[in-house]
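What follows is one structure encoded as structure tokens, with my remarks underneath.
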């Protein structure tokens, strides 16, 4: 067990709705990254937070937004859901700097209908 | 061009076989390199880091060629339990970038 927990594990939403996914990072880790993984693809980088500030963003539209809290837990918010947003959303935590391992949560499987 | 490229496979090999996966990355300033393993419908887990001099962990050997921007993973004496997707991962500007993954299926 990695110590990184995500909630919920599964979710079904309707197109146009909004969703919030949550991640509790491992103790001592100050960096949280979010990834979207579609079926048969590798994880795609959405964005990363370090000490409550976004410090990197992938090629995702602004309707994907996030937060990091003082305890380093994090949220991913997606507005105006589209069918193509259906995917596994992964949260990874690590200590920034150097050759440090990232630990993943079990993911949230989002289905948009 | 994708930042990290891998052959998606699948690689179907018998137990005991040796199999090699390759990966190329586009950013020459990439800082660190890893291989992650992902089982079906599970989260990725670190298999091993990749060091410039090459490194080995049991049946697994990883190599890095910075000049060619190329990473490899060699699995010797494949086991049924090695069946999974192997993800090549590059740390660039403090962000982990994943390849698409190479699927390995080991059969009896």
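Since every read-out is calculated from the coordinates, none of them should be taken as a lab result. Computed from a prediction, not measured in an experiment: that's the story for all the values here. When we count neighbours, we look across all protein chains shown, and the Cβ atoms used for this are built from the backbone with ideal geometry, even at glycine.
Nearest-5 percent of antiparallel DSSP beta bridges in chain A?
90
Please check: in the Gaussian network model of chain B (C-alpha springs, under 10 Å), which one of B:62, B:84, B:20 has the largest mean-square fluctuation.
B:20
Under the rule a/c < 1.5 gives rounded, and otherwise a/b versus b/c splits prolate from oblate, where does chain A land using the Cα gyration tensor?
In terms of gyration-tensor shape, prolate.
Highest GNM mean-square fluctuation, chain B, Cα pairs closer than 10 Å: which of B:19, B:90, B:50?
Taking springs between Cα atoms under 10 Å, the residue moving most is B:19.
Viscosity 1.567 mPa s, temperature 4 °C: what is the translational diffusion coefficient of chain B from Stokes-Einstein with a Kirkwood Rh over Cα pairs, rounded to a whole number of µm²/s?
94
What does the structure give for A:102-111 when I average, per residue, the other chain Cβ atoms found within 10 Å of the residue Cβ?
3
Quick check for you: which residues of the range B:2-16 have the amide N under 19 Å from the point 7 Å beyond the Cα of residue A:38 toward its beta carbon?
B:2-10
Spin-label point model (7 Å from Cα, Cβ direction): what's the residue A:15 to residue B:20 distance in nm?
Modelled inter-label distance: 4.8 nm.
Report the residue, chosen from A:17, A:36, A:26, that carries the largest GNM mean-square fluctuation when chain A is represented by alpha-carbon nodes joined by springs under 10 Å.
A:17
Once the piece of chain linking residue A:51 and residue A:101 is laid out straight, how much longer is it, given 0.36 nm per residue of separation minus the C-alpha distance between them?
Contour length minus the Cα-Cα distance gives 16.2 nm.
Based on alpha-carbon centroids, what's the gap between the range B:21-71 and the range A:1-66 in Å, whole number please?
A separation of 23 Å, based on Cα centres.
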